[in-house]
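Structure first, commentary second.
The values are calculated or read from the model by the stated rules, or taken from the named source; none is laboratory data. Here the structure is a predicted model, which is why all the values come from computation and not from measurement. Because the Cβ atoms are built from the backbone with ideal geometry, glycine has one as well, and the counts that use them run over all protein chains shown. Calculation scope for accessible area: heavy atoms of the full protein, side chains included, ligands and nucleic acids excluded. Shrake-Rupley method; radii C 1.70, N 1.55, O 1.52, S 1.80 Å.
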Amino acid sequence: MRLVENGDAELGILNQDAAPDCDCEFLKEQTLRAVLPKSYPFSSDLNALNLAELTKYPYILLEEGLHSESLSQFKSAGLKPHIKMRLHDSFSTLLMVEQGLGYTIMPVDQALDDHHQIRILPTSPIITRKIGILSKNEILMTSAAEKFKKFVKKHAQELN
């Protein structure tokens with residue numbers, strides 16, 4: 001956000017929940033899911049994982065900025081997850097989960113569990129975040145930035 005405001009970047013894609021006062025355009029709402037090692041003892045026909053149940057296991061927190069939707073959801077439910085580690089890279093987080101070191105909550109494609117030794121389940125309550133695009137004054141934008149912004153807005157719903 002600061003990069004766009006300072007003029008160092010023409011566009012920024014951000015979590016609108018983390019910047020509620022930001023004047024950006026809404027793109028889509030993204031659902032976060034629980035990502036678990038296959039070894040966790042949850043039934044395969046389970047529709048969703050209750051957050052209270054997850055607090056019994058080590059949590060690998062994927063830090064993506066100043067605001068964490070999952071931590072906010074735990075807090076609003078009066079729960080405290082057992083944070084084992086904090087990582088800034090989604091691939092590393094998936095590898096840690098795959099090794100059985102804990103679970104995480106992140107935006108993931110359901111097909112991902114075909115490629116890793118993980119299970120992906122929705123949470124209860126459902127955790128979402130709003131994704132928006134911030135741009136500087138359109139009069140000052142380059143034509144490439146304008147075209148990219150239009151492309152992102154047109155295809156936002158297809159993105160994970």
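Summary of computed values
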| quantity | calculated |
| --- | --- |
| Sequence-separation-based contact order of region 1-138, relative, with Cα cut under 8 Å and 6+ spacing, percent | 48 |
| Cα shape, region 36-104, gyration tensor, a/c 1.5 rule | oblate |
| Intensity falloff of region 10-67 expressed as log10 I(q)/I(0), Debye formula with alpha-carbon point scatterers, at q = 0.16, 0.18, 0.22 Å⁻¹ | -0.73, -0.83, -1.00 |
| In the chain, lysine pairs with alpha-carbon atoms under 15 angstrom apart (chain gap of 8 or more, or interchain) | 11 |
| Cα-projected label distance for I83 with L95, points at 7 Å along beta-carbon direction, nm | 2.2 |
| Relative intensity, log₁₀ I(q)/I(0), of the chain from a Debye sum that treats every alpha carbon as a point, q = 0.13, 0.15 Å⁻¹ | -0.68, -0.85 |
| Label-point gap, in nm, between I120 and I139 - each point 7 angstrom along Cα→Cβ | 4.4 |
| Helix-derived mean residue ellipticity, 222 nm - over the chain, DSSP H n ≥ 4, -39500 (n - 2.57), to 500 | -6500 deg cm²/dmol |
| Cut-off under 5 Å, modelled amide H: who pairs with T128 long-range | L32 |
| Pairwise FRET efficiency - D23 versus E146, Cβ, R0 = 22 Å, nearest 0.05 | 0.80 |
| Inter-label distance, nm, simple model (7 Å from Cα along the C-beta direction), E158/R2 | 3.5 |
| Separation of alpha-carbon centers, region 123-144 and region 26-91, rounded to whole Å | 23 |
| Among S135, P107, P81 the positive-end extreme of the charge dipole of region 50-160 (Cβ point charges) | S135 |
| Percent accessible area from carbon and sulfur atoms, the chain, protein chains only, probe 1.4 Å | 51 |
